[in-house]
Amino acid sequence: MNYFPDEVLEHIFDFVTSQRDRNSVSQVCKPWYKIESSSRQKVFVGNCYAISPERVIERFPGLKSITLKGKPHFADFNLVPPDWGGFVYPWIEAFARNNMGLEELKLKRMIISDECLELISRSFANFKSLVLVSCEGFSTDGLAAIASNCSFLRELDLQENDVEDHRGHWLSCFPDTCTSLVSLNFACLKGDVNLAALERLVARSPNLRSLRLNHAVPLDILQKILMRAPHLVDLGVGSYVHDPDSETYNKLVTALQKCKSVRSLSGFLEAAPQCLSAFHLICPNLTSLNLSYAPGIHGTELRKLIRHCRKLQRLWILDCIGDEGLEVVASSCKDLQEIRVFPSDPFVGNAAVTEVGLVALSSGCPKLHSILYFCQQMTNAALITVAKNRPNFTRFRLCILDPTKPDAVTNQPLDEGFGAIVHSCKGLRRLSMSGRLTDRVFLYIGMYAEQLEMISIAFAGDTDEGMQYLLNGCKKLRKLEIRDCPLAMQRF
Amino acid sequence: MQGGFFGGGSGGSVCMSTVSMEDNVVMSSEDSSSPDEGELELGLGLSLGGAAGFKGSGPRGCQQYARILTAKDLPSKVSSSSSSSTTSSSSTLSRAIATAGTKRTADSVAASNGVASQVVGWPPIRSHRMHIMVNQAKSQVTEEFSSMNKRKNAVEEKVGNKNINTDNTKARTSLFVKVNMDGTLIGRKVDLNAHGCYETLAQALENMFLRTTTTVNMTRLSTPEHKNMIDAKRHSQLLGGSSEFVLTYEDKDGDWMLVGDVPWGMFTSSVKRLRIMRTSEATGLGK
């Protein structure tokens, strides 16, 4: 251990980037701990209450980038009281007080106020990247502070946040000298934006590669933006409502012809499904397509679009694609690795996808390993077939809209089906189950799911034994989410 | 019967335990590339409302829970005249809405139609996605209505509401505001643009908050006479000023005002959030 000077070790550690590996490195011996800690720049805190900001600062004085997660996953579904916590202010205040050179901040399910955003913008001269996922507590005023004061801002990425929209001109707050933007995502904002300011911002951002617009950006502005930013790699279309014969539409087609780099497409927050053909130009190069916020796109137009996406690796879609549409996916997208099918209407009993779509995907897409599937019904037979077709699943999340629905054909619990999945998919790391399930399924999981790290269960099991099977069997289990399960009630 | 654990819904809440099994909570594994992984990190035992209902008995249809999004948040004008403007998909909705007052019936309708059970936090979808679905279902219903209206002179009811919706099906967005009720821990959200008038809004809120599982459980267990008393209590109007609670809102200036004084359009443009206040605390509000 003492053969190398510290600088050499530090240089070697630079090549170790994953958090897990760096944690392992730091546990080898004291000198390694010291060197690793002083040189670590990216820190990940999975639970903002597990450690104090002061402790993090003490251990990692060179911290430049931090990811913090706050509320538990269930908070997304209104299962956590609103005053639970997850405030980021203490962290920012501590960083500012200790003159940390913070450059990147990524928050998930936390509460961040406008004051906090302003503090960030004023305290960290090199601040480059702000990513907020499922956060709340702030308004467009806070965004204005970030825009105004962060001279080197590269990334402002707002994903599914609850933002109070004061319809201010936060976009106009980016000074003319700000030309460093690489990524801008404001798709979740509900209000209007200053369109002229947006255009000017895009025009002076030569490095812009990712742009996701909100519903307030109409087609003619989109077309102008695309003309100015032909090097975009990731595009989120705002509003796509127009007349197919219009000049604007023709200009859009011209603009899209120039966009040869687009690999990821999303948005269409308001869409008239006719004339998606303009996008057929870029479909052949797409690796990622997210139409899960576009209920206006369905039917034949959607299927036509999908047929052009031969290189697709990731697809997020609404269930109005139907089993038929999923069969199109299965036959067209042979590179597909991840698919998520979201419900378009949680209350109607006619959810448009069933076990048929799932089986089609499993048989048609050889590289498919990650799935989130909201559906109307499921059968053991289908799950057994899926397990046989696709043993390479690493993430398998099935959500039947009626949470205790049994096998739609035999009326049996779905124990055998999920048992087949865990038995066949030896690399399964994440599992979410639904439907009628007894203790038996936990027996199977305990026996076979050796790599399982995270499991989500709802309305499942009968007794304590189910939990025992699970906890005794899955040695690698790290995260467990349970709701409404009798096996949990007796034990906890 | 296996489905017994719907009993978990007593008190309009869910007994939820979440357990984190991480050894090393601070430096846990690198976040996966897809932001929607949604991994649970914190161990938290929450028991909201009594555990009394866990013995879950009887058929599913007997239980009722609070909901994060209900058919009532959709164009509730359909509720008063449940027949018109519906096709197969929306008819389930309207039937659910129309019978929602009697929990038992609503659930059996729901159960028989395979409608997703009305459970808090199920299906597990983020609220952002819920907004999309509400809008989609809304435009379905209103589009169907407007086409039916053209085909035959459909029943003209609540004209005001209908006009609002048929005029701008595509451009209309939702206007969700928070609603809290004194004495209730978890708030709700309601889409004001799903309602065209105060009556339907009040109805929706009453269904959300006042038809709580306490009243439901009492209904289940009580005698017919007792049940009538409860029903009578339930019919109290949030708008009428005659009940224990009154509906108020916070406006753009930050002031708390009584709901119902100004025209609906003016109200929706200035409301920030709603609060169902105890009448005793509400004295002093301008009327």
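The values are calculated or read from the model by the stated rules, or taken from the named source; none is laboratory data. In this text the structure is predicted, and so the values were computed from the model without any measurement. All Cβ positions, glycine included, derive from the backbone under ideal geometry; neighbour counts span all protein chains shown. Ligands, DNA and RNA are stripped out before the accessible areas are found, and what is left, the full protein with its side chains, is counted by its heavy atoms. Shrake-Rupley method; radii C 1.70, N 1.55, O 1.52, S 1.80 Å.
Miscellaneous remarks
- All other residues whose Cβ lies under 13 angstrom from that of A:Val328 are scored, Lys and Arg at +1 and Asp and Glu at -1, for a net of +1.
- Around A:Ile221: net Lys/Arg minus Asp/Glu count, Cβ-Cβ under 13 Å: +1
- Summed buried accessible area for B+A [probe radius 1.4 Å, Å², rounded to 100]: 7500 Å²
- Relative contact order for chain A, counting Cα pairs under 8 Å that sit 6 or more residues apart, in percent: 5 percent
- Computed from the C-beta positions of A:Ser65 and A:Val253, the FRET efficiency with R₀ = 45 Å rounds to 0.65.
- Take the Cα of A:Asn392, go 7 Å toward its beta carbon, and the backbone nitrogen atoms of region A:352-384 under 11 Å from that spot belong to A:365-370.
- Mean per-residue shielding of peptide A:21-29 is 1, counting Cβ atoms of other chains within 10 Å of each Cβ.
- Under the simplified labelling scheme, the A:Asn207-A:Tyr33 pair shows an inter-label distance of 3.8 nm, with each label point 7 Å from Cα along Cα→Cβ.
- Whole-number accessible area per residue in Å² for region A:147-304, which is evaluated in the context of all protein chains at 1.4 Å: 38 Å²
- Among A:299-306, A:230-237, sorting by the average number of other beta carbon atoms lying within 10 angstrom of each residue, highest first, gives A:230-237, A:299-306.
- Computed from the Cβ-Cβ distance with R0 of 45 Å, the FRET efficiency linking A:Ser331 to B:Leu185 stands at 0.35.
- Two-site label geometry, A:Glu450 and A:Asn99: point separation in nm, points 7 Å out along Cα→Cβ: 5.3 nm
- Calculated FRET efficiency for the pair B:Arg126/A:Val409, C-beta based, R₀ 22 Å, to 0.05: 0.10
- Long-range amide H partners of A:Arg340 with built H, under 5 Å: A:Leu315, A:Trp316, A:Ile317, A:Leu372
- Taking region A:96-237 and dividing mean pair separation by its residue count, relative contact order in percent (alpha carbons under 8 Å, at least six apart): 18 percent
- Number of partner chain Cβ atoms within 10 Å, mean per residue of A:427-440: 1
- For A:Val202, the shell of other residues with beta-carbons less than 11 Å away shows a net charge of +3, using +1 for Lys and Arg and -1 for Asp and Glu.
- Here the accessible area is traced with a 1.4 Å probe on the protein chains. For region A:106-149, carbon and sulfur cover 41 percent of it.
- Remark: mean inter-chain Cβ contacts per residue of A:451-459 equal 4, using a 10 Å Cβ-Cβ cutoff to other protein chain atoms.
- Pairs over the 23 Å Cα-Cα cut-off, from the set A:Lys69/A:Lys479; A:Lys190/B:Lys178; A:Lys34/A:Lys69; A:Lys42/A:Lys69; A:Lys190/B:Lys252; A:Lys224/A:Lys311: A:Lys34/A:Lys69; A:Lys224/A:Lys311.
- Based on C-alpha pairs under 8 angstrom that are at least 6 apart in sequence, region A:362-492 has a relative contact order of 20 percent.
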